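K.L.:
Encoded as structure tokens, here's the structure I'll be asking about.
The values are calculated or read from the model by the stated rules, or taken from the named source; none is laboratory data. Not measured: the values here are computed from a predicted model. Backbone-built Cβ (ideal geometry, glycine too); neighbour counts: all protein chains shown. Ligands, DNA and RNA are stripped out before the accessible areas are found, and what is left, the full protein with its side chains, is counted by its heavy atoms. Shrake-Rupley method; radii C 1.70, N 1.55, O 1.52, S 1.80 Å.
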Amino acid sequence: QVQLVESGGGLVQPGGSLRLSCAASGFTFSMYDMSWYRQAPGKERELVAAITRSGDSTNYADSVKGRFTIPRDNAKTTVYLQMNSLKPEDTAVYYCTPRQVVRGTTYFDYWGQGTQVTVSS
């Protein structure tokens with residue numbers, strides 16, 4: 001079955017960095033675009049970053065552009081989220097997913113348990 005295991009979260013001071021990892025199994029990882037979402041308390045889950053199956057294209061939420069990157073390693077079936085210059089507003093639970101939305105229909109809607117990121121002094 002599909003498994004997604006996020007790790008790497010924690011408590012970090014403003015301006016600091018973290019690298020999240022998402023280890024995927026149970027599906028052909030290299031055939032799927034991958035995304036990171038986050039959900040802060042009292043807020044809806046939002047898309048943070050996405051990468052195509054080959055890794056040749058990425059896109060980012062405006063709020064993280066220039067600070068976050070989303071590399072992937074298809075040989076290790078792992079996608080990462082490198083987060084730099086962290087701000088308190090980045091505090092959230094971060095999730096990875098192979099979720100695809102095509103013409104308004106959602107496919108492969110699998111999620112991991114998430115990893116908590118807290119940015120605070």
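K.L.:
Contact list please: Cβ distance under 6 Å, first residue in segment 109-121 and open to solvent by 80 Å² or more (accessible area, probe 1.4 Å), second residue polar (S, T, N, Q) and in a loop (DSSP other than H, G, I, E, B), pairs at least six apart or on different chains.
P.N.:
Pairs that qualify, where the first residue is open to solvent by 80 Å² or more (accessible area, probe 1.4 Å) and the partner is polar (S, T, N, Q) and in a loop (DSSP other than H, G, I, E, B), are SER121/GLN13.
K.L.:
Here's another thing I want to ask about it. Any chance you could count how many residues in segment 66-104 are at pLDDT 95 or above and not in a loop (DSSP other than H, G, I, E, B)?
P.N.:
Going through segment 66-104 one residue at a time, the tally reaches 19.
K.L.:
Quick check on segment 28-35. Is at least one of its residues assigned to a loop (DSSP other than H, G, I, E, B) and of a type in the set (D, E, K, R)? Lay out the reasoning, then the answer.
P.N.:
Initial filter on segment 28-35 (assigned to a loop (DSSP other than H, G, I, E, B)): 28, 32-33.
Okay, now just the ones that are also of a type in the set (D, E, K, R), so 33.
Checked segment 28-35: at least one residue is assigned to a loop (DSSP other than H, G, I, E, B) and of a type in the set (D, E, K, R).
K.L.:
Next question, about the same structure. Looking at segment 62-90, which of the residues that are in contact with a Gly (Cβ under 7 Å, 6 or more places away or on another chain) and within 24 Å of SER120 (Cβ to Cβ) is least open to solvent (accessible area, probe 1.4 Å)?
P.N.:
LEU86
K.L.:
Working carefully through the options VAL93, VAL102, VAL5, find the one that is under 15 Å from the mean Cα position of the chain (by Cα) and open to solvent by 60 Å² or more (accessible area, probe 1.4 Å).
P.N.:
VAL5
K.L.:
For residues that are more than 12 Å from the chain's Cα centre (by Cα) and open to solvent by 70 Å² or more (accessible area, probe 1.4 Å), scanning just segment 47-60, find the one that is farthest from ASN74 (Cα to Cα).
P.N.:
ASP56
K.L.:
Follow-up question, since we're still on this one. Might you check whether a residue that is within 18 Å of VAL119 (Cα to Cα), of a type outside the set (A, V, I, L, M) and without any contact (Cβ under 8 Å) to a residue 12 or more places away in the chain occurs anywhere in segment 2-18?
P.N.:
no
K.L.:
Consider GLN116 carefully, then state whether it is in contact with a Gly (Cβ under 6 Å, 6 or more places away or on another chain) and in a strand (DSSP E or B).
P.N.:
It is true that GLN116 is in contact with a Gly (Cβ under 6 Å, 6 or more places away or on another chain) and in a strand (DSSP E or B).
K.L.:
Can you name every residue in segment 17-46 that is surrounded by 15 or more Cβ atoms within 10 Å (Cβ to Cβ) and not aromatic (Phe, Trp, Tyr)?
P.N.:
LEU18, LEU20, SER21, CYS22, ALA23, ALA24, ASP33, MET34, SER35, ARG38, ARG45
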